[in-house]
Amino acid sequence: MDSSGPEKREHWGSKLGFILAAAGSAVGLGNIWKFPYITYENGGGAFVLLYLVCILCVGFPIMIAEFVLGKVSEKDAVGTFGVFRPDKKIFKFIGIIGVFTGFIILSYYSVVAGWTLEYTLKSLTCNEFIVEKVDYNSPELKKAIFNKHGVYDAAAKADILKNAGFTDDKTEENWKAFLDSNDTAHAAARLSIFDEVIQKAKTDLGEQKFEESALMISRQQKASEVFTNHLAKGTPMLLWHAVFMLLTGLIVFGGISGGIEKASRILMPLLFLLLGGLMIYSLTLSGGTEAIKFLFNADFAKLNRHSILEALGHAFFTLSLGMGAMITYGSYLKKEDGVVSSAITVSILDTLIALMACLTLYPILFTFNTEVSGGAGLLFITLPALLANTIGGSIILSIFFVLVAFAALSSTISLLEVVVTYTDDEFGWKRHTSTIVNSFVIFLVGVPSALCFGGNKFFTELTLLSKGDTKLNWFDSFDYLASNWLLPIGGLLIALFIGWMIKDQAKTNQIKEELGSGFYPVWNFLIKFVAPICVAVVIANKIGLIE
Ligand code: TRP
């Protein structure tokens with residue numbers, strides 16, 4: 001299985017195997033966890049449209065670029081730049097950033113992937129999530145009901161605040177302090193307005209509706225508590241992270257056709273079937289029609305400036321672009337397997353699965369109506385809260401988390417493979433050594449990510465970067481650095497490299513031949529101008545160069 005040298009290089013067993021592996025890399029937590037919640041937050045249909053444009057004009061041409069770089073050079077993500085520009089070693093730096101990015105992403109991605117394993121087990125019984133009776137005396141519940149039903153205008157707020165002893169007239173700040181502060185000075189006044197709102201909600205909604213609403217809030221609070229406790233337990237967090245790295249390592253250990261391809265041939269069809277089944281179940285729920293409308297009706301008023309950044313950044317992440325993952329997979333292609341048709345299939349499969357994930361999650365959300373919130377907790381909080389308390393919900397929930405785990409696993413193997421192919425090709429390591437050493441080091445780098453949610457005091461308090469005014473812990477810093485900066489920059493450099501820096505006519509002809517004379521000019525235009533300009537604009541916007 002050693003792949004140290006072009007003549008002994010392994011190949012995918014078949015083109016279908018390659019497509020499944022590349023689609024496996026693309027389809028991951030990005031599709032099933034992230035896409036549904038960012039689409040939800042950005043208002044649905046219009047964001048989907050924006051995202052599709054990003055996939056088509058930026059993602060797709062860069063994916064072709066990565067496949068072609070890998071296929072022609074038969075080298076790892078760093079070596080490929082040396083093959084195309086042997087005279088300028090500096091270009092290898094693009095690949096080095098890529099391998100570094102892979103390292104970073106895998107270290108925290110494996111932590112979240114580990115959660116899906118624990119949540120699969122939790123879902124089998126679901127007993128942690130079950131809430132049958134509402135505790136109306138719980139202050140948290142009161143506050144939640146207040147947040148949902150308590151509407152006050154500024155004058156009413158000022159009045160309440162004056163009675164509670166606030167002397168200045170900074171209404172909004174004082175209002176927040178009044179509701180949130182832990183000091184007991186205002187506790188009685190606070191509770192009395194909570195009770196007032198509860199009484200009003202009861203009369204407005206009717207006893208039954210009010211009780212349903214309270215029950216749903218309690219379930220979400222319970223699920224949220226389970227999640228917080230789960231995050232704060234150090235040892236299990238480490239253990240699941242280790243298990244996931246071990247599974248990833250075992251598959252990569254088996255090599256390209258014997259490990260990655262074999263695993264993808266099992267994981268991907270299963271994932272598709274499970275998700276398809278769940279989607280059909282979901283669409284039969286009463287919220288199904290609303291979900292379809294939400295996803296496919298474009299209302300552009302709901303978009304803002306950040307939507308564009310988010311859509312483009314996500315296009316990179318979801319297609320596994322910008323760090324050489326697709327260069328690496330492409331480098332194991334056989335001469336006769338075409339890159340354009342593969343890139344089309346992979347992009348379509350990835351988009352399809354992201355949309356299917358939305359059509360599975362949204363009907364459940366809409367069926368329970370406005371009682372739920374979207375956001376990052378969609379998968380680990382909202383979904384268990386809603387499903388665990390319904391008949392058959394535990395089965396649905398378990399299947400769901402298994403399929404998320406499958407999606408994550410087929411992505412983590414691609415991330416590890418980038419690093420493994422690099423140490424194989426550039427330093428002549430054997431695959432087995434590469435896999436063991438790299439998996440272990442990546443596991444170690446991920447330890448702070450596993451422990452920074454309360455598992456360990458030091459790592460919980462440690463902040464590395466900040467995003468605006470928010471200080472980010474280890475996990476969030478890595479995610480922010482990789483998906484907001486390193487991937488788009490990597491993608492930009494790859495596009496500029498293949499579009500402008502290849503001077504060797506023989507190499508250009510090879511690329512032309514791979515793409516076909518009809519398609520080549522179209523792709524060339526996209527990769528030379530459209531993709532780099534789009535990415536550059538987004539980066540300039542981030543730095544604050546343009547508003
Ligand atoms: N595409 C995967 C997802 O959507 C994540 C991923 C796997 C990735 N390999 C990558 C992201 C390489 C960027 C680069 O979850």
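Across the stretch 330-347, coupling constants 3J(HN,Hα) worked out from phi with the 6.51/-1.76/1.60 Karplus curve, θ = phi - 60°, read x, 6, 9, 6, 7, 3, 7, 8, x, 8, 5, 4, 5, 5, 4, 4, 5, 5 Hz, and Gly and Pro carry x.
Our summary gives the stretch 139-217 a relative contact order of 46 percent, counting only alpha carbon pairs under 8 angstrom and 6 or more residues apart.
Of the whole protein surface, V58 contributes about 0 Å² of accessible area at a 1.4 Å probe radius. Separation of the stretch 292-320 from the stretch 67-120 is 26 Å, based on Cα centroids. Computed on the stretch 375-524, the Cα convex hull volume stands at 228 Å³ per residue. Between the listed residues A189, S477, I19, the Cα displaced farthest toward the positive end of the dipole of the chain, a dipole computed from Cβ unit charges relative to the Cα centre, is found at I19. In this structure the stretch 139-217 gives 62 Å² per residue of accessible area when probed at 1.4 Å with all protein chains present. The H on the amide N of T390, modeled in the peptide plane, is under 5 Å from the matching H of no residue at least 5 residues off or on a different chain. Only the Cβ atoms of Lys and Arg (+1) and of Asp and Glu (-1) were treated as charged; on that basis the dipole of the chain about its Cα centre amounts to roughly 1080 debye. Residue pairs exceeding 20 angstrom between C-alpha atoms, taken from K71/K92; K143/K457; K262/K512: K143/K457; K262/K512.
Modelled label positions at I96 and K148, each set 7 Å beyond Cα in the direction of Cβ, lie 5.5 nm from each other. Distance between the modelled labels on F458 and W485, one decimal in nanometres: 2.4 nm (7 Å Cα→Cβ projection). To the nearest 10, the accessible area of E207 is 100 Å² with a 1.4 Å probe. Considering the chain, its Cα convex hull presents a mean projected area of 26.9 nm².
About its Cα centre, the stretch 139-217 has a charge dipole of approximately 80 debye under the convention of +1 per Lys or Arg Cβ and -1 per Asp or Glu Cβ, with nothing else charged. Karplus-based coupling profile of the stretch 96-107, in residue order and whole Hz: 5, 4, x, 4, 4, 4, x, 4, 4, 4, 4, 4, with θ = phi - 60° in 6.51 cos²θ - 1.76 cosθ + 1.60 and x standing for Gly or Pro. Applying a DSSP loop filter and a limit of 16 other Cβ atoms within 10 Å to the trypsin sites (Lys or Arg not before Pro) in the stretch 484-547 leaves K503.
The value of relative contact order for the chain, using C-alpha pairs under 8 Å at least six residues apart, is 36 percent.
Can you pull the one-decimal nm distance between simple spin-label points at S341 and T167, each 7 Å off the Cα toward Cβ? Reported label-point gap for S341 and T167 is 8.1 nm. In this Cβ point-charge picture (+1 for Lys and Arg, -1 for Asp and Glu), the stretch 54-102 has a dipole of about 160 debye about its Cα centre. How much of the accessible area of the chain, probe 1.4 Å, is carbon plus sulfur, in whole percent? Of all accessible area on the chain, carbon and sulfur atoms account for 64 percent.
Compared with the rule-of-thumb size 2.2 N^0.38 Å for a compact globular protein, the stretch 139-217 has a Cα radius of gyration ratio of 1.14. E10 exposes around 30 Å² of accessible area when a 1.4 Å probe is run over every protein chain in place. Legend: calculated FRET efficiency, K157 to I546, from the Cβ-Cβ distance at R0 = 41 Å, rounded to 0.05, equals 0.60.
Think of the chain as having a plus end and a minus end, set by charges on the Cβ of Lys, Arg, Asp and Glu; of F366, S138, H314, H314 sits farthest toward the positive end of this dipole. Residues L312, L273, sorted by accessible area with the largest first, give L273, L312 [1.4 Å probe; ligands and nucleic acids excluded]. Extension gain for the segment K302 to A376, taken as residue separation times 0.36 nm less the Cα-Cα distance, is 24.7 nm to one decimal. Ordering F440, A164, V538 by Cα displacement along the dipole of the chain toward the positive end leaves F440 in first place; charges were set at the Cβ atoms of Lys, Arg (+1) and Asp, Glu (-1). 3J(HN,Hα) along the stretch 194-205: 4, 4, 4, 5, 4, 4, 5, 4, 4, 6, 5, 8 Hz, from the Karplus curve 6.51 cos²θ - 1.76 cosθ + 1.60 with θ = phi - 60°, whole Hz, x for Gly and Pro.
The values are calculated or read from the model by the stated rules, or taken from the named source; none is laboratory data. A quick note: this is a predicted structure, and the numbers were derived from the prediction, not measured. As a convention, Cβ positions derive from the backbone with ideal geometry for all residues, glycine included, and neighbour counts pool all protein chains shown. SASA here: full protein model, heavy atoms, side chains in, ligands and nucleic acids out. Shrake-Rupley method; radii C 1.70, N 1.55, O 1.52, S 1.80 Å.
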